[in-house]
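Notes to accompany the following structure.
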Amino acid sequence: MERKRIADFRAKDDAEGIFMVKSAVIREDKNGRSYLDMVLSDSTGDIAAKKWDIHGDGEEAVEYYSSLKTGDMIHAKGLVSEWKGINQYTLKIIYKADEKEFDIREFVKTAPEPARDMFDFIWDRTESMADPQLKALCKRLLEDNREKLMYYPAASKNHHSIMSGLLYHMKRMLMTGDRICQVYDILDRDLVAAGVIVHDMEKIKEIKSNEYGISDGYSFEGMMLGHIVQGVRNTDAIMEELGFSHEKRVMIQHMILSHHYEPEYGSPKKPMFPEAEILHHLDMIDARMYDMEDALSKTDAGQFSESVWSLDNRRVYKKK
């Protein structure tokens, strides 16, 4: 059987390949039988995978399934099916992949630009700020997080959940923000840029990630507080140290606090000044465009993509 990449999976295919484990949990079905619930990935995407009735495979196999963790490489064979418009992978055989069979770089989905180039772009944009306090705040955050920014994803799942995804998200928001400021001249260009740089920075402490940008969930603080609360707290401490005025401190805190817009997404306040409003929309534009680009990369011309959960289960059309 020819090995396949996830982007090439089609319903009713018998598929065999080597994949990286993003998550692996043993659960019980409604009849009390144990099964392995996984998310597998390669550089072309992710897929939900299941190995049913694992105890039928014997104690040694169950012990191996129980040991699987984020970043492990497996060789798998199974059947691709479709459920609610989304491909799933029902596994028949799983075993540890031989290191001679693969190059790890082929299994890590990464941003389309080098991390160093993206960081330099953001640093140069910060250096161009006319406001010395906003410049100092952003440089401090970039310097403090430089090492992890080189590989950190912007999410555990969904948009920008790729190696260097946080930098990629930040860079594209900065580019779009600068252009929007040319249209709406009431906007403070430095304040918009600072909001972009600070708004998601605490995802580095919210999300757990290995050096390949693969996340298996959230930290203790991430679960208990989330990046919005963590961001307000950490950023305010730095602003106090830098001697920010009370007004400017509150406005930066408000931009972090309100960028998700809705309470159910973690924002207790909606944006109350123009730069905060624009920050929210920059965030949404980049998230949705990323998810559309990702869906279309796995779709043939003239066809509709799988349902995209983060886009309200819409199927995206790829023009011929």
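Could the peptides 12-20, 236-244 be put in order, highest first, of the mean number of other beta-carbon atoms found within 10 Å of their residues?
Result, highest mean first: 12-20, 236-244.
Have a look at SER310, MET272, LEU166 and report the one farthest towards the positive end of the charge dipole of the chain, computed about the Cα centre with Cβ charges (Lys/Arg +1, Asp/Glu -1).
Final value for the positive-end residue is SER310.
Please give the charge dipole size of the chain, origin at the Cα centre, charges +1 on K and R Cβ atoms and -1 on D and E Cβ atoms. Round to the nearest 20 debye.
680
Considering every pair of different Cα atoms, what Kirkwood radius, in Å, is found for the chain?
Value: 21.3 Å, from the Cα pair sum.
ARG288 to SER43: extension gain in nm, 0.36 nm per residue of separation minus the Cα-Cα distance?
This chain segment gains 86.2 nm when fully extended.
Mind running the shape call on region 58-121? Use the C-alpha gyration tensor, a ≥ b ≥ c as the square roots of the eigenvalues: rounded below 1.5 for a/c, prolate if a/b tops b/c, oblate otherwise.
oblate
With runs of 4+ DSSP H residues as the only contributors, calculate the mean residue ellipticity of the chain at 222 nm using -39,500 (n - 2.57) per run, divided by the residue total and rounded to the nearest 500.
-13000 deg cm²/dmol
What is the antiparallel percent of DSSP beta bridges lying wholly in the chain, to the nearest 5?
Of those bridges, close to 90 percent are antiparallel.
Determine, from the Cβ-Cβ distance of GLU264 and HIS55 and an R0 of 30 Å, the FRET efficiency 1/(1 + (r/R0)^6), rounded to the nearest 0.05.
FRET efficiency, GLU264 to HIS55: 0.15.
Under a point-charge model restricted to the Cβ atoms of Lys and Arg (+1) and Asp and Glu (-1), what is the dipole moment magnitude of region 1-151 relative to its Cα centre, in debye to the nearest 20?
About 400 debye.
Packing-wise, with mean Cβ within 10 Å as the measure, how do 46-53, 215-222, 249-256, 195-202 rank, highest first?
The packing order, highest mean first, is 195-202, 249-256, 46-53, 215-222.
Quick one: with all protein chains in place, what share of the accessible area of the chain is carbon or sulfur, to the nearest percent (1.4 Å probe)?
The value for the chain is 51 percent carbon and sulfur by accessible area.
With a cut-off of 18 Å, note down the residues of region 36-72 whose backbone N falls inside the zone around a label point 7 Å from the Cα of ILE104 toward its beta carbon.
So the set is 41-44, 68-72.
Please report, in debye to the nearest 20, how large the charge dipole of region 41-102 is about its Cα centre when each Lys and Arg carries +1 at its beta carbon and each Asp and Glu carries -1 there.
240
Tell me, in nm to one decimal, what length is gained between LYS30 and LYS69 on full extension, where the rule is 0.36 nm per residue of separation less the Cα-Cα distance?
Extending this stretch completely gives an extra 11.6 nm.
What is the extension gain from MET224 to ILE186, computed as 0.36 nm multiplied by their sequence separation minus the C-alpha to C-alpha distance, in nm to one decimal?
Result: 10.0 nm gained on full extension.
The values are calculated or read from the model by the stated rules, or taken from the named source; none is laboratory data. What you see is a predicted model; the values in this text were computed from it and never measured. Methodologically, a virtual Cβ is constructed for each residue, glycine included, from the backbone with ideal geometry; neighbour enumeration extends over all protein chains shown. Accessible surface areas use protein heavy atoms only, side chains included; no ligands, DNA or RNA. Shrake-Rupley method; radii C 1.70, N 1.55, O 1.52, S 1.80 Å.
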